[in-house]
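What follows is calculated from the coordinates using simple rules that are stated; it is not laboratory data. Values in this document were obtained by computation on a predicted structure and should not be read as measured data. Here Cβ is always computed from backbone atoms with ideal geometry, including for glycine, and neighbour counts include all displayed protein chains.
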Protein chains: 2
Amino acid sequence: MNKTKFIYQQLLAQFEDYLETQTFNGFPEVLLEPARHIMHIRGKRIRPLLLLTACQAFNGNIAEALGPAGAVEIYHNFSLVHDDIIDKADKRRGQPTVHKVFGLNKAILTGDAMLLHAFFLLGKGPEKILGELLKVFNKATSQVIEGEQYDVDFEVIPEVSEKDYMMMIKYKTSVLLAASVQLGAIIGGASEADKKHIYDFGLNLGLAFQIKDDYLDTYGDGETFGKRIGGDIVQNKKTYLLITALKNTGDSERKRIFELFEEKDEQVKISNMLALYDRLDVKGQTFSKMEELYGKALESLNALSLEEESGKPLLELAEMVYQRKH
Amino acid sequence: MNKTKFIYQQLLAQFEDYLETQTFNGFPEVLLEPARHIMHIRGKRIRPLLLLTACQAFNGNIAEALGPAGAVEIYHNFSLVHDDIIDKADKRRGQPTVHKVFGLNKAILTGDAMLLHAFFLLGKGPEKILGELLKVFNKATSQVIEGEQYDVDFEVIPEVSEKDYMMMIKYKTSVLLAASVQLGAIIGGASEADKKHIYDFGLNLGLAFQIKDDYLDTYGDGETFGKRIGGDIVQNKKTYLLITALKNTGDSERKRIFELFEEKDEQVKISNMLALYDRLDVKGQTFSKMEELYGKALESLNALSLEEESGKPLLELAEMVYQRKH
């Protein structure tokens with residue numbers, strides 16, 4: 001294991017320990033079980049890791065950042081609980097969702113309690129910069145809800161523009177990654193310029209990450225975590241792939257795509273859509289977009305006034321987030 | 001109009017103006033309509049008024065308290081939106097509820113956005129005491145959710161003890177009233193002792209207020225705001241009245257009460273339950289409890305280190321909250 005990977009593994013271990021022993025202190029006892037249920041459907045802890053790694057890069061005190069790191073992770077998990085209700089999703093990563101196990105009422109209240117608890121944990125950040133932390137966290141978390149509403153709205157309109165799609169994923173996914181690294185940098189004492197650069201880094205990393213999510217659903221390497229290849233196509237989901245396909249294509253192919261939306265045989269639907277995507281170079285164009293956004297993220301990372309050595313764990317973490325295969 | 005009433009009317013006007021012009025700045029555009037819908041099902045603005053009147057009593061700067069006053073009001077309204085989903089309520093004060101007008105998904109997300117916005121507004125409080133404001137607000141708001149879960153749980157158990165009932169209404173209703181006056185006092189620069197007294201004042205006022213709610217549902221003066229006399233009896237709601245009836249009664253009357261739970265004819269059910277309540281002195285005992293709690297609230301109010309004149313608007317507001325007829 002190289003040195004930077006070691007740093008990041010250490011931060012993850014520290015965070016998991018904090019999560020297990022302290023994160024739920026003060027959380028309503030009566031809602032602890034459903035809250036732990038979602039937190040244990042183990043994600044990659046990307047947001048708290050980004051926060052802690054950014055704090056570390058600026059030589060910040062990790063102990064002061066653990067509360068805020070818990071805040072971004074618990075907020076993210078709150079959003080999954082309410083999102084799964086909205087999406088009527090029975091499973092997440094192969095596990096039953098909170099509302100499936102505990103019912104609608106408890107899922108709503110558990111989400112509410114988790115959302116509140118995120119602010120409780122944020123309040124454990126350094127007293128003298130609480131106002132700034134609160135502003136950053138507030139803005140991002142509010143935008144996430146707005147992004148979710150766009151996502152819901154997009155489901156019932158026939159076509160979404162690339163611009164609207166990019167705004168939706170920016171709000172729904174990227175701003176929380178951006179806020180996570182920015183919160184870490186603020187706790188680490190970063191300059192105003194660096195706070196801006198690191199936000200842009202997180203934002204573009206988040207956009208690249210989200211488009212990769214669409215990409216992997218169609219071009220990933222097989223079934224993992226309960227996802228299956230082509231699921232988005234079956235559901236007529238307005239992904240970057242579909243938007244790209246519709247963007248630069250003639251009337252007859254557009255018509256063919258809208259016809260495929262109605263196809264009942266899933267295998268026929270997937271293979272025909274893939275053939276269309278191939279003809280329209282959807283894979284190549286999507287890949288280019290991801291690479292462009294990831295390149296922008298790295299530019300912002302390079303613009304930080306950090307020694308190369310200090311910035312390395314952030315770079316390595318970005319690589320890990322972006323280079324995932326599933 | 002006497003002088004104290006004038007103070008309180010002025011604060012209400014200031015708050016309504018703030019609500020109309022500034023409260024929703026920064027709120028997600030796409031969820032503004034459902035949020036305004038619930039905020040316009042006009043309540044009495046008890047919580048922000050308590051906060052502002054407490055701030056004023058300690059000679060605080062009202063301008064610094066308007067954000068936090070907006071926070072308690074918007075939080076209260078968030079809880080109504082999610083509560084109405086949980087209670088499957090179609091109407092509130094005679095108006096259709098948010099989920100009824102805008103659907104479940106939008107109601108969930110509107111509630112989430114309002115909850116987040118409460119913290120945004122709280123963040124407008126004075127920077128140097130934000131940590132303290134956040135702690136008070138966090139604790140109370142988290143307890144409200146916990147209280148709601150108790151309320152949901154109580155629905156499916158046959159009998160609730162007085163102790164459990166008091167805990168439920170403390171969490172679900174009183175702590176937010178207590179936090180409201182305490183936040184106002186903190187912004188006004190109250191001493192540690194006064195912060196505690198004013199919290200106890202709000203807490204007991206809230207308990208008296210909630211028991212009065214039960215009392216008025218059965219002994220109030222007719223149909224108002226879409227409520228009707230005896231609604232709680234029809235629904236077998238575990239009110240203070242029912243708990244009191246069950247508390248000190250023999251086996252045969254307990255049996256009679258549980259039999260009445262199954263009665264299908266609403267008028268028969270109400271009149272028979274009222275006859276039982278009369279025999280068991282439920283009205284008198286409930287009234288005594290309310291008076292006892294309200295007396296405690298006034299004791300805490302008297303314990304504040306305020307000139308009589310400064311404390312008067314708080315006293316008058318408490319009277320108004322407690323002496324309501326519906």
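Across chain B, where is the longest run that never hits GluC sites (Glu not before Pro) in a DSSP loop with at most 16 other C-beta atoms within 10 Å?
Values: sites that count: B:GLU159, B:GLU223, B:GLU262, B:GLU263, B:GLU307.
It runs B:1-158.
Relative to the longest principal Cα axis of chain B, at what angle does helix B:251-260 sit, 0 to 90 degrees, rounded to 10?
Long axis of B:251-260 versus the principal axis of chain B: about 70 degrees.
For n ≥ 4 DSSP H runs only, could you compute -39500 (n - 2.57) per run for chain B, divide by its residues and tell me the 222 nm figure to the nearest 500?
-23500 deg cm²/dmol
In nm, to one decimal, how far is the modelled label at A:ILE129 from the one at A:SER288, with both set 7 Å along Cα→Cβ?
4.0 nm
Describe numerically, in nm with one decimal, the distance between label points set 7 Å from Cα along Cα→Cβ at B:GLU192 and at B:GLU263.
Using points 7 Å along Cα→Cβ, the separation is 5.5 nm.
Suppose you put the label 7 Å out from Cα in the Cβ direction; list, shortest first and in nm with one decimal, how far A:LYS91 is from each other copy's label.
4.5
Is the shape of the stretch A:8-323 rounded, prolate or oblate, going by the alpha carbon gyration tensor and its root eigenvalues a ≥ b ≥ c, with a/c under 1.5 for rounded and a/b larger than b/c for prolate? Please list the in-between numbers first.
Numbers: a/c = 2.17, a/b = 1.40, b/c = 1.55.
Verdict is oblate for the stretch A:8-323.
Relative contact order, percent, of chain A when contacts are C-alpha pairs under 8 Å separated by at least 6 residues?
Averaging sequence separation for qualifying contacts and normalising by length gives 21 percent for chain A.
If you take each beta carbon of peptide B:130-141 and count the beta carbons of other chains within 10 angstrom, what is the mean?
5
Placing a label point 7 Å from Cα toward Cβ, how far apart in nm is A:PRO158 from its equivalents in the other copies, listed shortest first to one decimal?
Ordered by distance, the counterparts are at 6.0 nm.
Give me B:MET168, A:MET114, A:MET273 ranked fewest to most by other Cβ atoms within 10 Å of their Cβ, as a rough exposure proxy.
Exposure proxy ranking, most exposed first: B:MET168, A:MET273, A:MET114.
Extension gain A:ASN59-A:PHE154, at 0.36 nm per residue separation less the Cα-Cα distance, in nm? Working shown, then result.
Details: separation 95, 0.36 × 95 = 34.20 nm, distance 4.23 nm.
Length gained, A:ASN59 through A:PHE154: 30.0 nm.
Using only atoms on other chains, find how many Cβ atoms lie within 10 Å of each Cβ of peptide B:116-122 and report the average.
Shielding by partners across B:116-122 averages 6.
Mind checking the stretch A:1-87 for trypsin sites (Lys or Arg not before Pro) that DSSP puts in a loop (not H, G, I, E or B) and that have at most 12 other Cβ atoms within 10 Å?
Here the trypsin sites (Lys or Arg not before Pro) that fit, given the DSSP loop and packing criteria, are A:ARG42, A:LYS44.
Among A:ASP200, B:ASP164, which comes first, second and so on when ranked by fewest other beta-carbon atoms within 10 Å?
Values: A:ASP200 18, B:ASP164 15.
Ordered by Cβ neighbours within 10 Å, fewest first: B:ASP164, A:ASP200.
Please give the contour-minus-distance gain from B:THR21 to B:GLU309: 0.36 nm per residue of separation, less the Cα-Cα distance, rounded to one decimal in nm.
Taking B:THR21 through B:GLU309 to full extension adds about 100.5 nm, to one decimal.
Just to be sure I understand the model, the point goes 7 Å from the Cα along the line to the Cβ. What's the resulting B:ASN248 to A:LYS5 distance in nm?
According to this spin-label approximation, the distance is 7.4 nm.
Once the Cα atoms of helix B:175-187 and of chain B are each reduced to a long axis, what angle between those two axes, in degrees from 0 to 90 to the nearest 10, is obtained?
The angle comes out at about 20 degrees.
At 7 angstrom along the Cα-to-beta-carbon line, where would the label on B:LEU32 sit relative to the other copies? Give the distances in nm, shortest first.
Label-point separations across copies, in nm and ascending: 4.3.
Could you list which residues have their amide H under 5 Å from that of A:LYS91, counting only those 5 or more apart in sequence or on another chain, with H placed in the peptide plane?
Under 5 Å from the amide H of A:LYS91: A:THR97.
Who wins for biggest fluctuation among A:SER180, A:SER142, A:SER271 in a Gaussian network model of chain A, springs between alpha carbons below 10 Å?
A:SER271
With 10 angstrom as the radius, rank A:VAL175, A:VAL72 by how many other C-beta atoms surround their C-beta, starting from the fewest.
Ranking A:VAL175, A:VAL72 by Cβ neighbours within 10 Å, fewest first, gives A:VAL175, A:VAL72.
Between B:LYS139 and A:LYS139, what is the FRET efficiency for a Förster distance of 25 Å, r being their Cβ-Cβ separation, to the nearest 0.05?
Efficiency for this residue pair is about 0.55.
I'd like the FRET efficiency for B:GLU162 and B:LYS91, computed as 1/(1 + (r/R0)^6) with the beta carbon distance as r and R0 of 30 Å, rounded to 0.05.
It comes out at approximately 0.50.
For the protein assembly as shown, compute Rg over Rh where Rg is the Cα radius of gyration and Rh is the Kirkwood radius from the inverse mean 1/r over Cα pairs.
Across the protein assembly as shown, the Cα-based Rg/Rh ratio is 1.02.
Is there a quick way to get the dipole size of the protein assembly as shown? I mean about its Cα centre, with the Cβ of Lys and Arg at +1 and of Asp and Glu at -1; what is the value in debye to the nearest 20?
Values: 80 positive and 96 negative charges, 12 e Å.
Magnitude of the dipole: close to 60 debye.
Name the trypsin sites (Lys or Arg not before Pro) in the stretch B:277-326 that are in a loop by DSSP and that have at most 13 other C-beta atoms within 10 Å, would you?
B:LYS325
Only Cα pairs within less than 10 Å get springs; with that Gaussian network setup on chain A, which residue of A:LEU66, A:LEU306, A:LEU115 has the largest fluctuation?
In the Gaussian network model the winner is A:LEU306.
For the stretch A:94-234, take N as its residue count and report Rg(C-alpha) divided by 2.2 N^0.38 Å.
Relative to the rule-of-thumb radius for its length, the stretch A:94-234 sits at 1.22.
Using alpha carbons only, how many degrees (0 to 90, rounded to 10) separate the axis of helix B:282-303 from the longest principal axis of chain B?
Computed tilt is about 20 degrees.
Using a Gaussian network model on chain A with a 10 Å cutoff between Cα atoms, which of A:LYS100, A:LYS128, A:LYS170 fluctuates the most?
The residue with the greatest mean-square fluctuation here is A:LYS128.
Report, in listed order, any pair from B:LYS163/B:LYS289; A:LYS139/B:LYS195; A:LYS106/B:LYS88; B:LYS170/B:LYS238; B:LYS5/B:LYS312; B:LYS88/B:LYS255 with a Cα-Cα distance greater than 20 Å.
Details: B:LYS163/B:LYS289 13 Å; A:LYS139/B:LYS195 31 Å; A:LYS106/B:LYS88 14 Å; B:LYS170/B:LYS238 15 Å; B:LYS5/B:LYS312 9 Å; B:LYS88/B:LYS255 30 Å.
In this structure, A:LYS139/B:LYS195; B:LYS88/B:LYS255 exceed 20 Å between Cα atoms.
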